[in-house]
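Have a look at the structure below, then the notes.
The values are calculated or read from the model by the stated rules, or taken from the named source; none is laboratory data. All figures in this text were calculated on a predicted structure; none of them were measured in a lab. For neighbour counting, all protein chains shown are included, and Cβ atoms are generated from backbone atoms with ideal geometry for every residue, glycine included. In case anyone asks, the SASA skips ligands and DNA or RNA and just uses the protein heavy atoms, side chains included. Shrake-Rupley method; radii C 1.70, N 1.55, O 1.52, S 1.80 Å.
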Amino acid sequence: MNKHIDEIVHALREELINRRTPDGMWRGKLSSSAISTSVAVFALYTIDKEKYAGCIQKGKDWLISTMTAEGSWGDTLESPSNMTATLLSYASLYAQNAAPEKAKEYLTKKFGGNTDEHIIKGVLAYYGSDLTFSAPILVMCALAGVIHSWNKIPQLPFELAVLPQRFFRFLNLPVVSYAIPALIAVGILRHKKGKNMLYPVRESFISPCLRVLEKLQPEGGGYLEAAPLTAFVSMCMSAAGYRTHITTQRAAGFLTSTVREDGSWPIDTDLAGWVTTLSVRALDEDITDKAALADIIRKNAFAYRHPFTGAKEGGWGWTDLSGSVPDADDTSGALVALHILQEGTYCKEIGKGVAWLLDLQNKDGGMPTFCKGWGKLPFDRSSPDISAHALLAFELWLDKLPPDLQEKCSASIRQLLEWMQKEQAEDGSWTPLWFGDQDATDERSPVYGTAVTADYLSVSNQPVAQEITTKGIQFLLASQNEDGGWGGSKGLPSKVTLTAKVLNAFVSYPDIQAEVIERGVQFLYQRFQEGRIYEAEPIGLYFARLWYSEELYNITFALTALKNIQKAIRYGEDKQEYTSDK
């Protein structure tokens, strides 16, 4: 086993070092997305089809070339077909008189018919009470001419966007916290398409809401650095009569600057902040310029109150680009990376980052992603893996913090553990918020959630942490597949990413049978020999449960796990059973 590990580690280490960009970070590469491409193409078509003819044609060609034989699309080229990706791609092509008949047939089967009622009812039923994605989808279908019943499309309360952000969590909005730009743009367009007795009142709110929309738009023009959100906003603005508005033009600039050579768009520009912290953890002592990289990460912390979420300074986002927003997972990741790079040396950015996380913690004791207290819709609720990540950051820095922060962190750790104990399923698992398994019927990946939570909790000496982690480890042991790997749940196809996450969780805990580790390593080695260790695995879930893969996930996940096993073998760190050389 030792030789196999050494061989893979050497290859992955060299690959990851070579993937570093000249700016000192890792940027990775997100999968191309049919959803991003279809809405971006349609937005540019709506704004100015002649000016953007080149982008539009290449995007249209990419969509047609990636359609499956049955006339459908998935979120990525490696994803199964679904209603959303197919409907949006069909609508984009329909508007340009290029809609394939097979796509229409596929959607007719999905919806049980092709009337407005079938489509609207089907979309709303799929997304339920969360209108974050369903309302923009239906609006695009109406603009493209696929449906005609504007009065059956939900009206979003755009006028509420003028209220101070601190009130949003109390308003029971039909969209999640990150979707205020869509609330405004989609709401205004829908308002203009259907007059009722509230029309004059709502009309008076348009100008102040447009000022809010402009304030929320980052310098680069892309809301959240995401093509779908930016495209939905800009197509609605254009169709509502605001084609020349500064937000529409900036959005068009963002879309044309982020299109790929093949005519496609990714789901987001990049995850540079996130994959850089993953790379730091994977390489660790192999990083030769730790001080310089630490400086880069420190400078990426937000030094101002963010206009999008109202979050105060101190947090980190998933990228260093202007459309990023501070969030709990990336802030924890940055704090962990700085602990590695600075070898535990405290700095002011650490204190601000810890304080930022403390302010974000929900009343239920768990940690949400972006905003405290929303919690009514998916992606705003507390999450076990994000909570455990924050706990890891607190534990690593606890003895270096000022006394007041130490006290607050200690209290927060107790609350986090109590919440995670309540959230743990009877079988010992936790389900993550932003990751899943597209091979699962329910799209969930308790293996991922349990593995990363167990890994993060390994630093804690708290009895509760040890108790719930033991249960989590037992779940992971019972979930190993016959081929030695792990999928999102037992019996699902094994994946490099998930197998690596589980192996990394096992390294920190004694009493794991050597055979379990060896079988997992053998699975990774076989994929390595077959040239499949870099094969795209869509396990990431973007907003509204959109699948994506990221090239650096396979590399960083596997390298982190194998290097930790390698250390355990070589130095016998409570893992004497792994010293056999097979």
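ASP427 - would you say it is open to solvent by 10 Å² or more (accessible area, probe 1.4 Å) and at pLDDT below 95?
No.
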Given the residues GLY484, GLY491, GLY531, GLY540, which is the only one that is closer than 24 Å to GLY74 by Cβ and either buried (at least 20 other Cβ atoms within 10 Å of the Cβ) or of a type in the set (A, V, I, L, M) (or both)?
-> GLY540
Residue set VAL464, VAL496, VAL502, VAL452; condition in contact with a strand residue (DSSP E or B) (Cβ under 6 Å, 6 or more places away or on another chain) and of a type in the set (A, V, I, L, M, F, W, C); output residue VAL502
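Every residue in the range 514-540 that is outside any helix (DSSP H, G or I) and either out of contact with any strand residue (DSSP E or B) (no Cβ under 6 Å at 6 or more places or on another chain) or among the basic types (Lys, Arg) (or both), please. Talk me through it step by step, then tell me what you get.
First, pick out the residues of the range 514-540 that are outside any helix (DSSP H, G or I): 530-540.
Within the range 514-540, GLU530, GLY531, ARG532, ILE533, TYR534, GLU535, ALA536 meet the criteria.
Is at least one residue of the range 357-372 closer than 29 Å to ALA536 by Cα, open to solvent by 10 Å² or more (accessible area, probe 1.4 Å), among the aromatic types (Phe, Trp, Tyr) and in a loop (DSSP other than H, G, I, E, B)?
Yes, the range 357-372 has at least one match.
Would you pick out the residues in the range 305-338 that are of a type in the set (Ser, Thr, Tyr), part of a loop (DSSP other than H, G, I, E, B) and under 18 Å from MET25 (Cα atoms)?
Hits for the range 305-338 are THR319, SER322, SER324.
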So, of the residues in the range 435-481 that are of a type in the set (Asp, Glu) and surrounded by fewer than 20 Cβ atoms within 10 Å (Cβ to Cβ), which turns out to be farthest from the chain's Cα centre (by Cα)?
-> GLU467
In this structure, is GLU78 at pLDDT 95 or above and either open to solvent by less than 40 Å² (accessible area, probe 1.4 Å) or within 25 Å of the chain's Cα centre (by Cα) (or both)?
-> yes
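I'd like the full set of residues that are in a helix (DSSP H, G or I), open to solvent by 20 Å² or more (accessible area, probe 1.4 Å) and touching a helix residue (DSSP H, G or I) at 6+ places or on another chain (Cβ under 9 Å), limited to the range 96-122.
Listed by number, the residues that qualify are LYS104, TYR106, THR108, LYS110, PHE111, ASP116, GLU117, HIS118, LYS121, GLY122.
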What is the number of the single condition among (1) at pLDDT 95 or above; (2) under 27 Å from the mean Cα position of the chain (by Cα) that PRO154 does not meet?
-> (1)
Of the residues in the range 469-497, those that are in a helix (DSSP H, G or I) and farther than 28 Å from GLU418 by Cβ come to VAL496, THR497
How many residues does the range 421-461 hold that are within 22 Å of ALA561 (Cβ to Cβ) and in a helix (DSSP H, G or I)?
-> 12
Considering the range 263-304 alone, what residues qualify as being surrounded by 14 or more Cβ atoms within 10 Å (Cβ to Cβ), part of a loop (DSSP other than H, G, I, E, B) and out of contact with any strand residue (DSSP E or B) (no Cβ under 7 Å at 6 or more places or on another chain)?
-> GLY263, THR269, ILE287, ASN300, ALA301, PHE302
Out of (1) without any contact (Cβ under 8 Å) to a residue 60 or more places away in the chain; (2) open to solvent by 60 Å² or more (accessible area, probe 1.4 Å), the odd one out for GLN217 is which?
-> (2)
Between a first residue in the range 130-148 that is open to solvent by less than 20 Å² (accessible area, probe 1.4 Å) and a second residue that is among the basic types (Lys, Arg), which pairs have beta carbons less than 8 Å apart while being 6 or more apart in sequence or on different chains?
-> ALA135/ARG190; VAL139/ARG190; ALA142/LYS193
